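Student: One structure follows; several queries about it will come next.
The values are calculated or read from the model by the stated rules, or taken from the named source; none is laboratory data. The structure displayed is predicted, hence computed values, not measured ones. Cβ placement follows ideal geometry from the backbone for every residue including glycine, while neighbour counts extend to all protein chains displayed.
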């Protein structure tokens, strides 16, 4: 079930982040270090009311943040298709619950937020070596656009139609 994150979720989110980061390291995906994303990052997301959780039997098995675009790194490229966009950050899914539709639920939620907020697209970035996320994004209609040199990430965008 998809819900908004709250302060009381922060410790569980932090534990999920450590689990996911360590799993990525086992898969040789250098997306994140153990210092990011962590408690303080999730706390900022809770305070901005932009973090979503996916819970199963009361346990957080996934999270993602959706915010209006305001990322300086995103201003370094000109290949974006739309200007009025939402951005997905910090999408994590518990390794034991991958391929259960959780990440897709986050994308569907972002699409709904886009439509209700009159946004034109969803933007996201990922590490060049994060083949799992790159394949997921392409499978879900995102276009790979450009390299964000300042953060060493690939930029993706999904144009949302009415």
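Student: Do the conditions hold for residue 110, that is, is it surrounded by 20 or more Cβ atoms within 10 Å (Cβ to Cβ), modelled with pLDDT of 95 or more and in contact with a helix residue (DSSP H, G or I) (Cβ under 7 Å, 6 or more places away or on another chain)? Let's see the steps before the verdict.
Tutor: Working: surrounded by 20 or more Cβ atoms within 10 Å (Cβ to Cβ): yes; modelled with pLDDT of 95 or more: yes; in contact with a helix residue (DSSP H, G or I) (Cβ under 7 Å, 6 or more places away or on another chain): no.
When the stated conditions are applied, residue 110 does not pass them.
Student: Go through the stretch 23-40 and give me each residue that's within 19 Å of residue 99 (Cβ to Cβ) and in a helix (DSSP H, G or I).
Tutor: Looking only at the stretch 23-40, we keep the residues that are within 19 Å of residue 99 (Cβ to Cβ), and these are 23-24, 26-27, 29, 31.
Residues satisfying the conditions are 23, 24, 26.
Student: Of all residues in the stretch 89-101, how many are in a loop (DSSP other than H, G, I, E, B) and buried (at least 19 other Cβ atoms within 10 Å of the Cβ)?
Tutor: Step one: of the stretch 89-101, the residues in a loop (DSSP other than H, G, I, E, B) are 94, 98-101.
Keeping just the survivors that are buried (at least 19 other Cβ atoms within 10 Å of the Cβ) gives 94.
The total comes to 1.
Student: Residue 134 passes all but one of (1) over 20 Å from residue 24 (Cα atoms); (2) out of contact with any helix residue (DSSP H, G or I) (no Cβ under 6 Å at 6 or more places or on another chain); (3) crowded, with 17+ Cβ neighbours inside 10 Å; which number fails?
Tutor: Status for residue 134: all satisfied but (1).
Student: Output the number of the condition that residue 114 fails; it satisfies all remaining conditions of (1) outside any loop (DSSP other than H, G, I, E, B); (2) more than 16 Å from the chain's Cα centre (by Cα); (3) free of Cβ contacts under 8 Å to residues at least 60 places away in the same chain.
Tutor: Of the numbered conditions (1) outside any loop (DSSP other than H, G, I, E, B); (2) more than 16 Å from the chain's Cα centre (by Cα); (3) free of Cβ contacts under 8 Å to residues at least 60 places away in the same chain, the odd one out for residue 114 is (2).
Student: Buried (at least 21 other Cβ atoms within 10 Å of the Cβ) and either assigned to a helix (DSSP H, G or I) or out of contact with any helix residue (DSSP H, G or I) (no Cβ under 9 Å at 6 or more places or on another chain) (or both), is that true of residue 86? Walk me through how you get there before you give the answer.
Tutor: Numbers: buried (at least 21 other Cβ atoms within 10 Å of the Cβ): yes; either assigned to a helix (DSSP H, G or I) or out of contact with any helix residue (DSSP H, G or I) (no Cβ under 9 Å at 6 or more places or on another chain) (or both): no.
When the stated conditions are applied, residue 86 does not pass them.
Student: Taking only the stretch 125-137 into account, find how many residues are closer than 10 Å to residue 157 by Cα and either touching a residue at least 24 places away in the same chain (Cβ under 8 Å) or out of contact with any strand residue (DSSP E or B) (no Cβ under 7 Å at 6 or more places or on another chain) (or both). Can you show your working first?
Tutor: Filtering the stretch 125-137 down to residues closer than 10 Å to residue 157 by Cα leaves 125, 137.
Those still in the list that are either touching a residue at least 24 places away in the same chain (Cβ under 8 Å) or out of contact with any strand residue (DSSP E or B) (no Cβ under 7 Å at 6 or more places or on another chain) (or both) too: 125.
Looking only at that region, the number is 1.
Student: Then there is this: Which one is surrounded by the most Cβ atoms within 10 Å (Cβ to Cβ), of the residues in the stretch 41-74 that are in a helix (DSSP H, G or I) and in contact with a strand residue (DSSP E or B) (Cβ under 7 Å, 6 or more places away or on another chain)? Steps first, please.
Tutor: Start the filter on the stretch 41-74 by keeping residues that are in a helix (DSSP H, G or I), which leaves 41-47, 72-74.
From the residues that got through so far, the ones that are in contact with a strand residue (DSSP E or B) (Cβ under 7 Å, 6 or more places away or on another chain) too are 41-42, 45, 73-74.
Details: 41: 17, 42: 26, 45: 23, 73: 14, 74: 20.
Here the answer is 42.
Student: Can you list residue pairs whose Cβ atoms sit under 8 Å apart, with the first residue in the stretch 140-162 being on the phi > 0 side of the Ramachandran plot and surrounded by 14 or more Cβ atoms within 10 Å (Cβ to Cβ) and the second being at pLDDT 95 or above and in a strand (DSSP E or B)? Count only pairs 6 or more apart in sequence or on different chains.
Tutor: Cβ pairs passing all conditions: 141/158.
Student: Sticking with this one: Buried (at least 16 other Cβ atoms within 10 Å of the Cβ) and under 22 Å from residue 160 (Cα atoms), is that true of residue 38? Write out each step before concluding.
Tutor: Details: buried (at least 16 other Cβ atoms within 10 Å of the Cβ): yes; under 22 Å from residue 160 (Cα atoms): no.
So residue 38 fails the test.
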